[in-house]
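Please treat every number below as a calculation from the coordinates, not as lab data. Remember, it's a predicted structure, so these values are computed and weren't measured experimentally. Neighbour counts are summed over all protein chains in view; Cβ atoms, including those assigned to glycine, are modelled from backbone coordinates with ideal geometry.
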Amino acid sequence: MNHTKLTASVALTVLAALGVACGGGGGGAGADGGQVAEGHKQFKATCAVCHGPNGEGMPKLGKDLNNNEFTQNLSDDELVAFLKKGRPATDPLNERGVDMPPMGGNPTLTDADFAQIVAYVRTLQ
Ligand code: HEC
């Protein structure tokens with residue numbers, strides 16, 4: 001009996017400790033750093049084939065996103081809208097003659113994913 005009680009109370013203590021650990025931390029600069037790191041992962045998974053692993057661009061494919069005026073001139077919302085729409089080769093603004101595919105070619109990306117990707121792209125511009 002006593003043993004069972006002790007085990008239960010240890011379990012509760014552990015749960016309480018976990019609760020505190022999860023509830024605390026997060027937010028602020030830490031969360032932003034996480035956004036950027038996650039965004040870079042997403043970028044490497046979806047965008048890097050054309051834009052390079054660090055957004056440096058690839059010959060005849062995606063443009064260099066470092067010091068990029070186009071992204072500098074867009075708000076976060078506008079940049080997400082651009083990424084969702086892409087820029088087809090037929091668009092008069094397209095210089096490479098290659099599609100920037102809608103959703104970066106990855107239709108599974110969510111708004112949360114795009115927020116992370118944009119947070120990463122902002123570190124390049
Ligand atoms: C299949 C190749 C491909 C993939 C994948 C791709 N892009 Fe692109 N992207 C391009 C091409 C090609 C252009 C340039 C089109 C042009 O010449 O105007 C471009 C243009 C852009 C531009 C505009 C740059 C400028 O200076 O006009 C941004 C921003 C961009 N891509 C971001 C992304 C992001 C972020 C992803 C991943 C979510 C992504 N792209 C995935 C091919 C790709």
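Laid out as a table, the results:
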| item | result |
| --- | --- |
| So V98, is it among the aliphatic types (A, V, I, L, M) and assigned to a loop (DSSP other than H, G, I, E, B) | yes |
| Odd one out for P102 among (1) surrounded by fewer than 16 Cβ atoms within 10 Å (Cβ to Cβ); (2) near the ligand (Cβ under 8 Å from one of its atoms) | (2) |
| Residues of the range 65-122 classified as farther than 22 Å from P53 by Cβ and touching a residue at least 40 places away in the same chain (Cβ under 8 Å), total | 1 |
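Residues are listed down the side, and each one gets a yes or a no for (1) of a type in the set (D, E, K, R); (2) under 19 Å from R122 (Cβ atoms):
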| site | (1), (2) |
| --- | --- |
| L61 | no, no |
| N67 | no, yes |
| T71 | no, yes |
| L74 | no, yes |
| E78 | yes, yes |
| A81 | no, yes |
| K84 | yes, yes |
| N94 | no, no |
| G97 | no, no |
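For (1) part of a helix (DSSP H, G or I); (2) on the phi > 0 side of the Ramachandran plot; (3) surrounded by 14 or more Cβ atoms within 10 Å (Cβ to Cβ), each residue gets a yes or a no:
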site: P59; (1), (2), (3): no, no, no
site: K63; (1), (2), (3): no, no, yes
site: V80; (1), (2), (3): yes, no, yes
site: T90; (1), (2), (3): no, no, no
site: L93; (1), (2), (3): no, no, no
site: T108; (1), (2), (3): no, no, no
site: V121; (1), (2), (3): yes, no, yes
